[in-house]
Number of protein chains: 2
Amino acid sequence: MNREHVQATVTVDLVILTIRDNRLKVLLIERGNQPFQGQWALPGGFIRPDEDIDDAALRELSEETGLEGRHLHLEQVRTYATPGRDPRGRVVTVAYLAVAPDLPMPTAGSDARSAKWANVSRVGSLAFDHADILRDAVEMARSKLEYTTLAAAFCPELFTVSDLRRVYEVVWGTRIDPRNFHRKVVGTKGFLEQSAARRNPLIGRPALLYRRGPATALYPPMLRRSDSLASISSAT
Amino acid sequence: MNREHVQATVTVDLVILTIRDNRLKVLLIERGNQPFQGQWALPGGFIRPDEDIDDAALRELSEETGLEGRHLHLEQVRTYATPGRDPRGRVVTVAYLAVAPDLPMPTAGSDARSAKWANVSRVGSLAFDHADILRDAVEMARSKLEYTTLAAAFCPELFTVSDLRRVYEVVWGTRIDPRNFHRKVVGTKGFLEQSAARRNPLIGRPALLYRRGPATALYPPMLRRSDSLASISSAT
DNA sequence: GCAAAAGTGTTGCAGGTACACCCATGA
DNA sequence: TCATGGGTGTACCTGCAACACTTTTGC
């Protein structure tokens with residue numbers, strides 16, 4: 001390869017979203033090394049020789065969450081390559097959005113002092129340009145709820161229609177009419193598959209449990225009302 | 001930077017779409033150098049030191065089309081990094097989608113023997129993984145027509161509602177009712193701004209000329225009918 | 001006047017919103 | 001029986017599909 005061409009280090013950064021305590025959460029790690037030592041950042045790492053970026057993202061995800069890919073949604077967001085975004089040199093990072101059901105408390109990895117689930121709405125400044133990446137990834141997730149079945153990726157194997165509705169409400173920051181929502185998602189072919197089981201709430205009528213159906217697209221889409229005020233209050 | 005970390009060369013590849021002769025066209029170049037010498041490929045090139053990828057994409061676009069960015073839509077599609085995708089070594093490419101009004105015939109660049117506008121529906125195999133990139137970018141464009149004002153980026157400064165409708169018809173490969181389409185786009189606030197001028201067709205009533213409005217999102221979206229059979233017949 | 005393309009009116013249907021109402025359970 | 005969340009029925013409203021109809025030009 002021609003020596004004139006810029007050589008760059010390639011990393012993968014993950015925006016791992018889940019819902020805990022009726023809040024949208026993102027996994028953050030406290031950096032154990034320079035640069036940005038002691039600051040909060042998105043989990044990520046370097047790609048290995050002969051490793052595809054999708055595989056690198058999967059590997060990092062499994063290292064951070066301990067879960068294998070079966071129940072996890074993972075897709076590329078975009079690539080960030082502004083010169084100077086990493087003080088160590090030319091580092092190009094490919095950002096991934098991961099969506100997972102409620103996960104156990106994270107453990108600190110090799111490069112991290114500690115890890116936590118942070119409220120997306122309360123995330124302040126982050127290391128590198130990770131605040132930008134987080135904002136882009138969350139907007140992508142919000143948008144994808146509209147015309148894909150991504151919401152189901154926030155739910156465990158078996159879930160109720162209410163669980164699914166809460167995903168929309170928490171991610172969008174809106175209220176949705178439970179009755180109309182129920183009809184809409186149950187009536188959308190391939191979104192949900194009814195299971196034999198039911199779940200009893202603490203009080204009230206038991207709810208049918210569903211698992212994810214084969215559909216990935218939602219047609220017609222579940223449009224956000226324009227009065228959805230959801231936004232990240234990040235100090236960019 | 002730690003020597004264990006993989007160093008990669010970073011390139012930018014462009015999927016430049018336009019409409020000519022009522023067909024969706026993509027700019028292809030015939031490679032003048034190895035590898036894949038003599039084969040058709042997407043235009044692209046290496047990023048420079050201290051150059052952001054968005055700027056690299058803009059620069060390549062201006063080099064290939066001779067146009068500056070004012071009337072051009074340019075956005076990232078995704079990043080391709082499969083090991084072995086470039087026989088010269090580890091090359092990571094960031095793909096961009098560019099949309100432009102009908103452009104002049106391209107001229108061959110430094111690295112290209114020749115260049116042409118190819119019918120998207122008739123593109124066969126391409127160098128590297130460019131057939132994959134083209135497919136992803138075209139699907140992105142088709143999808144973005146639904147919920148953004150991207151269609152106007154295919155039109156020159158002044159255009160008629162019919163021009164805009166032809167964009168949808170050509171990109172989606174469908175027929176759209178001219179009467180309903182007219183009402184929809186004229187009624188969508190911020191999509192079109194009426195100009196004082198009109199244009200006379202060879203035969204028929206003159207049409208009002210519009211320019212792009214400030215809106216970028218389309219709400220409610222312009223949904224494709226599911227019977228749209230548009231697809232690329234590319235030999236991947 | 002005629003052909004052709006631009007643009008308007010109108011009707012019917014699909015799907016969403018709002019909300020009254022019924023159902024099934026625990027206490 | 002009451003409280004609570006699950007789920008259905010229904011009336012209304014919005015917006016698109018379909019298509020008849022009017023308008024404005026060149027020839």
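The values are calculated or read from the model by the stated rules, or taken from the named source; none is laboratory data. Quantities reported herein were computed from a predicted structural model and do not represent experimental measurements. Quick reminder, even Gly has a Cβ in these numbers, built from the backbone with ideal geometry, and neighbours come from all protein chains shown. Note: areas computed on protein heavy atoms with side chains; ligands, DNA, RNA excluded. Shrake-Rupley method; radii C 1.70, N 1.55, O 1.52, S 1.80 Å.
Which residue is most open to solvent (accessible area, probe 1.4 Å), if the candidates are limited to segment A:38-65 and must be in a loop (DSSP other than H, G, I, E, B) and within 26 Å of A:Ser121 (Cβ to Cβ)?
Per the stated criteria, the residue is A:Gln39.
Which one is farthest from the other protein chains (Cβ to nearest Cβ) among residues in segment B:167-176 that are open to solvent by less than 50 Å² (accessible area, probe 1.4 Å) and within 15 Å of DNA strand D (Cβ to nearest atom)?
From segment B:167-176, those open to solvent by less than 50 Å² (accessible area, probe 1.4 Å) are B:167-172, B:174, B:176; that's our starting set.
This time we only want the ones that are within 15 Å of DNA strand D (Cβ to nearest atom), so: B:168-169, B:172, B:174, B:176.
Working: B:Tyr168: 18, B:Glu169: 20, B:Trp172: 15, B:Thr174: 15, B:Ile176: 18 Å.
Within segment B:167-176, the match that is farthest from the other protein chains (Cβ to nearest Cβ) is B:Glu169.
Residue-wise test of (1) assigned by TED's automatic domain parsing to the domain that holds A:Leu158; (2) in contact with a Leu (Cβ under 8 Å, 6 or more places away or on another chain); (3) not aromatic (Phe, Trp, Tyr).
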| residue | (1), (2), (3) |
| --- | --- |
| A:Asp13 | no, yes, yes |
| A:Ile19 | no, no, yes |
| A:Glu30 | no, no, yes |
| A:Arg48 | no, no, yes |
| A:Glu51 | no, no, yes |
| A:Tyr80 | no, no, no |
| A:Pro83 | no, no, yes |
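Closer than 25 Å to B:Pro220 by Cβ, under 21 Å from the mean Cα position of the chain (by Cα), open to solvent by less than 70 Å² (accessible area, probe 1.4 Å) and within 12 Å of DNA strand D (Cβ to nearest atom): which single residue out of A:Leu218, A:Leu164 fits that description?
A:Leu164
Determine which member of the set B:Leu74, B:Leu28 is assigned to a strand (DSSP E or B) and more than 18 Å from B:Asp129 (Cβ to Cβ).
Among B:Leu74, B:Leu28, only B:Leu74 is assigned to a strand (DSSP E or B) and more than 18 Å from B:Asp129 (Cβ to Cβ).
Given the options A:Arg142, A:Arg183, A:Arg198, A:Arg179, name the one that is within 14 Å of chain B (Cβ to nearest Cβ) and either within 16 Å of DNA strand D (Cβ to nearest atom) or buried (at least 19 other Cβ atoms within 10 Å of the Cβ) (or both).
Result: A:Arg142 is the single residue among A:Arg142, A:Arg183, A:Arg198, A:Arg179 that is within 14 Å of chain B (Cβ to nearest Cβ) and either within 16 Å of DNA strand D (Cβ to nearest atom) or buried (at least 19 other Cβ atoms within 10 Å of the Cβ) (or both).
Can you spot a residue in segment B:77-87 that is crowded, with 18+ Cβ neighbours inside 10 Å and touching a Phe, Trp or Tyr at 6+ places or on another chain (Cβ under 8 Å)?
Checked segment B:77-87: at least one residue is crowded, with 18+ Cβ neighbours inside 10 Å and touching a Phe, Trp or Tyr at 6+ places or on another chain (Cβ under 8 Å).
Kindly evaluate B:Gln76 against the criterion of being touching a Lys or Arg at 6+ places or on another chain (Cβ under 7 Å) and within 14 Å of another protein chain (Cβ to nearest Cβ).
So B:Gln76 passes the test.
Between a first residue in segment B:205-224 that is closer than 23 Å to A:Glu146 by Cα and a second residue that is open to solvent by 70 Å² or more (accessible area, probe 1.4 Å) and of a type in the set (Lys, Arg), which pairs have beta carbons less than 8 Å apart while being 6 or more apart in sequence or on different chains?
Pairs found: B:Ala215/B:Lys189.
Considering every residue within segment B:18-27, establish whether at least one is buried (at least 17 other Cβ atoms within 10 Å of the Cβ) and farther than 19 Å from B:Ala153 by Cβ.
No, segment B:18-27 has no match at all.
Please go through (1) under 22 Å from the mean Cα position of the chain (by Cα); (2) away from DNA strand C (no atom under 13 Å from the Cβ) for B:Gly190 and return the number of the only condition it doesn't satisfy.
Of (1) under 22 Å from the mean Cα position of the chain (by Cα); (2) away from DNA strand C (no atom under 13 Å from the Cβ), only one is false for B:Gly190: (1).
Only one residue in B:Leu134, B:Leu126, B:Leu158 is at pLDDT 95 or above and open to solvent by 40 Å² or more (accessible area, probe 1.4 Å), so which one is that?
Among B:Leu134, B:Leu126, B:Leu158, only B:Leu158 is at pLDDT 95 or above and open to solvent by 40 Å² or more (accessible area, probe 1.4 Å).
Looking only at residues in segment B:3-19 that are touching a strand residue (DSSP E or B) at 6+ places or on another chain (Cβ under 6 Å) and away from chain A (no Cβ under 14 Å), which one is nearest to A:Val12 (Cα to Cα)?
Per the stated criteria, the residue is B:Leu14.
Please state which of the following conditions B:Asp111 fails to meet, knowing it meets all the rest: (1) without any contact (Cβ under 8 Å) to a residue 60 or more places away in the chain; (2) within 18 Å of B:Val12 (Cα to Cα); (3) surrounded by fewer than 21 Cβ atoms within 10 Å (Cβ to Cβ).
Condition (1) is where B:Asp111 drops out.
Exactly one of (1) more than 8 Å from DNA strand C (Cβ to nearest atom); (2) at pLDDT 95 or above; (3) open to solvent by 40 Å² or more (accessible area, probe 1.4 Å) is unmet by B:Ser226. Its number?
B:Ser226 satisfies all of (1) more than 8 Å from DNA strand C (Cβ to nearest atom); (2) at pLDDT 95 or above; (3) open to solvent by 40 Å² or more (accessible area, probe 1.4 Å) except (2).
Considering only segment B:22-64, state which residues are within 13 Å of another protein chain (Cβ to nearest Cβ), closer than 19 Å to B:Gln76 by Cβ and in contact (Cβ under 8 Å) with a residue 12 or more places away in the chain.
Selection gives B:Gly44, B:Gly45, B:Phe46, B:Ile47, B:Ile53, B:Asp54, B:Ala56, B:Ala57.
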